[in-house]
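To start, the structure itself, in structure tokens.
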Amino acid sequence: MDIMLAEYQGFCYGVKRAIKLAREQAGRDGFIATLGPIIHNPQIVKQLADEGIISIDSLDDITHGTIIIRSHGVGPSIYQAAEAKGLNIVDATCPHVKKAQMSAKALTDEGYSVVIIGERKHPEVKSIFEWSGQDAVVIETLEQAAQLQPIKRLGIVAQTTFSRVKFKQLVDVLLDKSNEVKVLRTICTATEQRQTAAEELAAKVDVMLVIGGKNSANTTRLAELCAQRCPTHHIETADELDDDWFYNIEKIGVTAGASTPDWLIREVYKKCKNMNKTCKVC
């Protein structure tokens, strides 16, 4: 079997930055926590917990010490509440997410009705929603876009990890909803690179392995895109690999989400190589 890695995969700048900022707090005096998982990768979250940086769900769970704002960002009310408690705030919000937040705020300040293209329940989208003054509409599907009532002035932003293809499809529908539309394209470059590279590789192989947290939006998106081109398996670790996936397979493609560490990718690649040596039907 040939095992091929996507040109762009694994940690993006925003994730590297968030983990670096968090680890800089390790070992310091006082209670240290991230508000929600720092990134959507359970292995990294566990490593940080082992280093004394735990994940909490609410500011109600901390009375003193350091709170780390995770890469997905939060709304302005969280900053205000943390400051009121006298907490040391370390802001690990991804710069691309911060741009999307500020774009939503700017559109609101300019008098636009904001539409956020993204997943309603995703923490990043929730943070963008709050920066829009909590008066935005979140749209994820073509059906939702079609049902939107006409708007006088329409401003559009996107979840940074949203599918670029789906974003264009939704914008095409939304353009008919207003005579004045302002689109701020906030999908990050790293997301586009990973999606394009994954699609190109999936078109060349017999099966794709997509590595990353099952709760990771950008990893799930990669798996969805690859599945349109060849059989695809979304896994978190090498332990999930199944020999049956590779029966009579000649080419395996491997990619990983933006929150997947290099060591996890290496473990999967190594196990695939070892399977290749011992497999008698591949």
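Just so it is clear, none of the values below were taken in a lab; they were calculated from the coordinates. Bear in mind that the values here come from a model prediction, so they are computed numbers and not experimental data. Reconstructed Cβ throughout: ideal geometry from the backbone, glycine too, with neighbour counts over all protein chains shown.
Please report the relative contact order for the chain, taking Cα pairs under 8 Å with a sequence separation of at least 6, and give it as a percent rounded to a whole number. List each step's numbers first, then the result.
Details: 552 pairs, mean separation 59.6, N = 282.
Relative contact order for the chain comes out at 21 percent.
If I take R0 = 30 Å and measure r between the Cβ atoms of ILE54 and ASP244 in this structure, what FRET efficiency does the formula 1/(1 + (r/R0)^6) give, to the nearest 0.05?
Working: r = 38 Å, r/R0 = 1.28.
Approximately 0.20, to the nearest 0.05.
Before anything else, pin down the relative contact order of segment 170-275: Cα pairs under 8 Å, at least 6 apart, normalised by residue count, whole percent. Could you put the intermediate results ahead of the total?
Values: 132 pairs, mean separation 32.1, N = 106.
This gives 30 percent for segment 170-275.
Hey, what D do you get for segment 152-282 in µm²/s if you plug the Kirkwood alpha-carbon radius into Stokes-Einstein at 20 °C and 1.002 mPa s? Working shown, then result.
On the way: Rh = 16.2 Å.
Answer, rounded: 132 µm²/s.
Is the shape of segment 186-241 best called rounded, prolate or oblate, per the rule: a/c under 1.5 gives rounded, else a/b larger than b/c gives prolate, else oblate, with a ≥ b ≥ c the square roots of the Cα gyration tensor eigenvalues?
Details: a/c = 2.22, a/b = 1.15, b/c = 1.92.
It comes out oblate by the Cα gyration axes.
From the P(r) of segment 6-90, can you give the percent of Cα pairs sitting at distances over 21 Å? List each step's numbers first, then the result.
Values: 956 of 3570 pairs.
Roughly 27 percent, rounded to a whole number.
I want to verify the translational diffusion coefficient of segment 108-221 in µm²/s; compute it with Stokes-Einstein, Rh as the Kirkwood radius over Cα pairs, at 10 °C and 1.306 mPa s. It would help to have the intermediate numbers written out before the result.
Numbers: Rh = 15.1 Å.
This corresponds to a translational diffusion coefficient of 105 µm²/s.
Whats the longest run of the chain with zero GluC sites (Glu not before Pro) that are DSSP loop and have at most 12 other Cβ atoms within 10 Å?
Values: sites that count: GLU24, GLU110, GLU250.
In the chain, the maximal stretch lacking such sites is 111-249.
Quote the relative contact order of segment 22-74 in percent (integer), defining contacts as alpha-carbon pairs under 8 Å separated by 6+ residues. Show your work: numbers first, answer last.
Working: 71 pairs, mean separation 25.5, N = 53.
Computed value for segment 22-74: 48 percent relative contact order.
For LYS182, which lysines qualify as cross-link partners when the Cα separation must be under 25 Å and same-chain residues fewer than eight apart are set aside?
Partners found: LYS98, LYS99, LYS105, LYS121, LYS126, LYS152, LYS166, LYS168.
List the lysines whose Cα sits under 16 Å from the Cα of LYS273, skipping any in the same chain fewer than 8 residues away.
Partners found: LYS251.
Net charge around THR196, counting only other residues with Cβ within less than 15 Å of its Cβ (Lys, Arg = +1; Asp, Glu = -1)? If you can, show how the numbers build up before the last one.
Details: positive: ARG164, LYS166, LYS168, ARG194, LYS204, ARG221, ARG229; negative: GLU7, GLU192, GLU199, GLU200, GLU224.
Result for the local shell: +2.
Whole-Å semi-axes of segment 76-175's equivalent ellipsoid, largest first, each the root of 5 times a Cα gyration tensor eigenvalue? Please report the intermediate quantities before stating the final value.
On the way: eigenvalues 142, 43, 23 Å².
Here the semi-axes work out to 27, 15, 11 Å.
Using a 10 angstrom Cβ neighbour count of at most 11 plus a DSSP loop assignment to flag exposed trypsin sites (Lys or Arg not before Pro), which longest range of the chain is free of such sites? Don't jump to the answer; show the numbers that get you there.
Numbers: sites that count: LYS121, LYS152, LYS280.
Value returned for the longest uninterrupted segment is 153-279.
How are the C-alpha pair distances of the chain spread across 5 Å bins, as whole percents from the shortest bin up?
Distribution as computed: 1, 6, 12, 14, 15, 13, 13, 11, 7, 4, 2, 1, 0, 0 percent.
Could you work out [θ]222 nm for the chain from helices alone, using -39500 (n - 2.57) per DSSP H run of at least four and dividing by all its residues? Round to the nearest 500 deg cm²/dmol.
On the way: 10 runs with 112 residues, N = 282.
Theoretical 222 nm ellipticity from helices: -12000 deg cm²/dmol.
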